[in-house]
Amino acid sequence: MTKGGMESVEVFPAEGKGRGLRAQKEFLPGDVIFAEPAYAAVVFDSLTHIVCHTCFKRQERLHRCGQCKFAYYCDRTCQRVAWLDHKSECSAIKRHGKVPTENIRLAARIMWKMEREGSGLAEGCLVSIDDLQNHVENFGEEEKKELHADVESFLEFWPPQSQQFGMQFISHIFGVINCNGFTLSDQRGLQAVGVGIFPNLCQANHDCWPNCTVIFNNGKIELRALSKISPGDELTVSYVDFLNVSEERRKQLKKQYYFDCTCEHCKKQIKDDLMLAVKEGEHKPSAEMVKEVIQFSKDTLEKINKARLEGVYHEVVRLCRECLKKQEPVLGETNIYLLRILSIASEVLSYLQMFEEAADYAKRMVDGYLKIYHPNNAQLGMAVMRAGVTHWHAGLIEAGHGMICKAYAILLVTHGPSHPITKDLEVMRVQTEMELRMFQQNELMYYKMREAALKNQKIQVMPEPTTETSPSLFHKKE
C-alpha cells in the first residue's frame, strides 16, 4: 500500500509486530526516505511563550495571538499559516477561560482536523488516525487513572458546537498520543520543544540497531537511512537510547511501549560485555568490588541529578571527581556508568570554563562511545561535536578539529546538509581547519592570535548544562 509522496515505502504485515514499513527501492546512508508534516502538533506547556507554535523555532521575541493571548508566533507569516489549526483552539481557550495541558491541546487539534476533513486519513498518509495503535488495553492502574483524568479534562474543554466523539474514541486518541507521540526539537535540534503525531512514521518498528533515524528539520519529520537499505528491507528506528545493556533496554521498551524486543542485539546481548566492562589484568577487581562501585555510581548519579536541577554545578563537579576516583581502578573504559559520569563532568566543566579538564573527560567519553554506538548514530555525532568544541576552547586545535570533522561526517548522514546544526558544524569545521594550518606553520603566532580572537569568538559551548542530553525520539509522559 502506497500513497502520494510515499511511493518509496509501503506498509506490510510484520510478523509478531503488527504492521511495519519496508523499502520499495534502494537507499544509501544519508538518503531521506520520506519527510512528513505533523498530522497535529503542539508546543510543550513550559515553552509556549518562547517557541513558535507553527515552526517550533525558539525566538527571543515572538508575536502573541491577540485573541486568546496564548499562542505565539515568529511573525505574521507563521500566524497566518497556523490559523487553520489554531482557529478552533483559539475560540475554545477563550470560552474555557484557561489553557489545557499539551495532551488535551494535541487531542483537540487531532479531532478538529478530523472534523474538518471528514475522516482520520489525511492526504499523503498510509494509515488513518483511527487505525493507529493505542495500547489502552495494556495500561496499568496509574495510566488508566491518568487517561480518565485526560478524558474528563478534554470533555470540559471541547466546545459543545464541535463534532461530538464517543468516550471510546477519545480514549483511543489519548492512547495514540501516549505511545505514538514524537518529540519535536528546536531549530538546532538541541532541545525538545513539542510533541506531534506523524501517522506514516508511526508504522516504523523498533530495532536497537536500526537502519534509519528520525530528525525534525524545517517543520517536518525526516526518516533518514543510516546504512545501505535494499528493496524489501524493513525500515526500523530506535525508540530508546542504545547506551544501556539489553536487559535494561527491553525493560524500558516493555514498560513504555508494551512489547518485548526481539532484535538481534537484544537476543544475542551484543555489546553488553563492553557496556559492563571491568579492568583486566593481574589487578582485576573482584565481583563484589564491581558491584559496590556500580551501586556507588548509581547513588552518585541520583545526587548529581539533584544538584543539576538546583544549578549547583560546582557540587556536580565534586561528585563526578569523587565517583571517577572510585570507578577508574575498577571499571573498563567502555563501562556505561563510567561513560555517564565522564559525559556529565565534561559538559559541566565546559560550562564552568574549566576546559582542559573537560577536554580530557570528553575524549575518554568519545573513545568509549565510538566502540559502542552505531557509527552513524545521531547522539554519537552530537557528543563528538561537543567534545570537539570543548577541545577547541582548551586550545587543543588538532584534536578539536579532528573531532569536529568526525562529527560533521556523522551529522551529514543523520541530519543532512540543510539542517541548522550541520550548517553550524560546517562553519566550525572551516574555522578550525584554518586555525590548524596556522598552528602547524607557527605555534607561537597561532596562540597569540587565538588569545586576541577569543574576545570575539564564534564557537560557543552549550549555554547551560541540562539533564536531557539530546531530545529523545518518542514523547512519554513522566
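By the rule of a C-alpha distance below 23 Å, with chain neighbours fewer than 8 residues away ignored, the lysines paired with LYS94 are LYS69, LYS113. Estimated from the Cβ-Cβ distance and a Förster radius of 30 angstrom, the FRET efficiency linking TYR447 and GLU60 is about 0.30.
Computed over protein heavy atoms with a 1.4 angstrom probe, the accessible surface ordering of PHE296, PHE154, largest first, is PHE296, PHE154. Exposure check, 1.4 Å probe, all protein chains in place: LEU309 carries approximately 140 Å² of accessible surface. Computed from the Cβ-Cβ distance with R0 of 22 Å, the FRET efficiency linking ASP367 to VAL278 stands at 0.85. Modelled label positions at GLU328 and LEU352, each set 7 Å beyond Cα in the direction of Cβ, lie 1.6 nm from each other. For the peptides 205-213, 87-95, 227-235, the ranking by mean Cβ contacts within 10 Å, running from highest to lowest, is 205-213, 87-95, 227-235. Using only Cα atoms, what is the ratio of the radius of gyration of the range 101-159 to 2.2 N^0.38 Å? Normalised Rg, Cα atoms only: 1.27.
Taking 1 over the mean of 1/r across every pair of different Cα atoms in the range 328-397, what Kirkwood radius in Å do you get? 12.0 Å is the Kirkwood radius here. Sum -39500 (n - 2.57) across every DSSP H segment of at least 4 residues in the chain, then divide by the residue count to get the 222 nm mean residue ellipticity, nearest 500. It comes out at -15500 deg cm²/dmol, rounded to the nearest 500.
Counted residue by residue at 0.36 nm each, then reduced by the alpha carbon distance between them, the extension gain from GLN168 to ILE50 reaches 39.0 nm.
How tilted is helix 167-180 with respect to the longest principal axis of the chain? Cα atoms for both, answer in degrees (0 to 90, nearest 10). So the inclination is approximately 20 degrees. Were the residues from LYS98 through GLU156 laid out at 0.36 nm apart, the gain over their Cα-Cα distance would be 19.8 nm.
Extension gain for the segment ASP241 to LYS298, taken as residue separation times 0.36 nm less the Cα-Cα distance, is 18.7 nm to one decimal.
For LYS255 and LYS145, what is the calculated FRET efficiency with R₀ set at 22 Å and r taken between the beta-carbons, to the nearest 0.05? Approximately 0.85, to the nearest 0.05. For q values of 0.06, 0.08 Å⁻¹, compute log₁₀ I(q)/I(0) with the Debye formula on a Cα-only model of the chain, without solvent. So the normalised log intensities are -0.30, -0.54. Shown for the range 18-105: the carbon plus sulfur share of the solvent-accessible area, taken with all protein chains present and a 1.4 angstrom probe, equals 48%.
With Cα atoms defining each centre, the range 235-282 and the range 355-371 are spaced 23 Å apart in the structure.
Among the protein heavy atoms, those of LYS254 account for about 90 Å² of accessible surface (1.4 Å probe, every chain in place). In percent, rounded to a whole number, the relative contact order of the chain is 16, using alpha-carbon pairs under 8 Å and six or more apart.
The values are calculated or read from the model by the stated rules, or taken from the named source; none is laboratory data. Treat the numbers as computed from the prediction; the structure is a model and nothing was measured. We place every Cβ from the backbone using ideal geometry, glycine too, and count neighbours over all the protein chains shown. Heavy atoms of the whole protein, side chains included, go into the accessibility calculation; ligands, DNA and RNA do not. Shrake-Rupley method; radii C 1.70, N 1.55, O 1.52, S 1.80 Å.
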